[in-house]
Amino acid sequence: MEKILDIPPRIKVLEALGAIADGRIKLLDSKNAFVLSSDGSRKYKVYVNLEKNEAYSTDNGTKYRGYIGYPIIAFLMLQKKLPFDKKIADALKEIPWKKLNEKYKRYYIVEKIVKEKAKNNGVDSKDIDILVKDVLNELKKLRLKYVSRETDLTAFF
């Protein structure tokens, strides 16, 4: 049975922007990439095939919680399939996402902290909210199916 991936928590859009700004994504080809976690301890495999509306990533959100994880979002932004704003991304550079998520255990608290950092870097939280809304709306339209791609990606890693 095919499983349509759920829409992610808002914070995952911001994490994707931060990953791009930090240069933690390596595109391997038009359907495959890997993404390094914010603390450098993990490398996530990403596969997206929009022709078949299917996606896979080894991040916890995608693999275990069933939503579109930030590695997939970042990949789609780099492929120009989702809205992207360089100014907002740059304002989210060098955020220790894993550390913040583990410390506060509430995405809305982390989002508040991150928005404050962005504000200090010259980005209005209203602009962030508009971008997040636009990205989530586009993700809804994609209706990505979860597929297991473990063996298909081994040649890249």
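Between Gly66, Gly18, Gly40, the distinction of being loosely packed, with under 15 Cβ neighbours inside 10 Å, in contact (Cβ under 8 Å) with a residue 40 or more places away in the chain and closer than 24 Å to Ile109 by Cα belongs to Gly66 only.
Yes/no per residue for (1) of a type outside the set (Gly, Ala, Ser); (2) touching a His at 6+ places or on another chain (Cβ under 9 Å); (3) within 16 Å of Ile95 (Cβ to Cβ):
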| position | (1), (2), (3) |
| --- | --- |
| Ile11 | yes, no, yes |
| Leu17 | yes, no, yes |
| Ile25 | yes, no, yes |
| Tyr47 | yes, no, no |
| Tyr56 | yes, no, no |
| Gly61 | no, no, no |
| Tyr67 | yes, no, no |
| Ile73 | yes, no, yes |
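Among the residues of segment 113-123, are any of a type in the set (Lys, Arg), touching a Ser or Thr at 6+ places or on another chain (Cβ under 9 Å) and either surrounded by fewer than 19 Cβ atoms within 10 Å (Cβ to Cβ) or modelled with pLDDT of 95 or more (or both)? So far as segment 113-123 goes, yes, one or more of its residues are of a type in the set (Lys, Arg), touching a Ser or Thr at 6+ places or on another chain (Cβ under 9 Å) and either surrounded by fewer than 19 Cβ atoms within 10 Å (Cβ to Cβ) or modelled with pLDDT of 95 or more (or both).
If I filter segment 50-63 down to residues being surrounded by fewer than 17 Cβ atoms within 10 Å (Cβ to Cβ) and not acidic (Asp, Glu), which single residue comes out as farthest from Ile7 (Cα to Cα)? For segment 50-63, the residue satisfying everything is Lys52. Annotation: of all residues in segment 54-63 being in contact (Cβ under 8 Å) with a residue 24 or more places away in the chain and of a type outside the set (D, E, K, R), the one that is farthest from Ser37 (Cα to Cα) is Ala55. Residues of segment 34-44 that are over 12 Å from the mean Cα position of the chain (by Cα) and outside any loop (DSSP other than H, G, I, E, B): Lys43 alone.
Taken together, the residues in segment 17-38 that are in contact with an Asp or Glu (Cβ under 9 Å, 6 or more places away or on another chain), of a type outside the set (A, V, I, L, M) and more than 15 Å from Ser57 (Cα to Cα) amount to 3. A single member of Lys93, Lys80 is part of a loop (DSSP other than H, G, I, E, B) and touching a residue at least 60 places away in the same chain (Cβ under 8 Å), and it is Lys93.
Matching residues to (1) modelled with pLDDT under 95; (2) under 18 Å from Asp59 (Cα atoms):
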| position | (1), (2) |
| --- | --- |
| Ile88 | no, no |
| Pro96 | no, yes |
| Val132 | no, no |
| Leu136 | no, no |
| Arg149 | yes, yes |
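The values are calculated or read from the model by the stated rules, or taken from the named source; none is laboratory data. The structure displayed is predicted, hence computed values, not measured ones. Quick reminder, even Gly has a Cβ in these numbers, built from the backbone with ideal geometry, and neighbours come from all protein chains shown.
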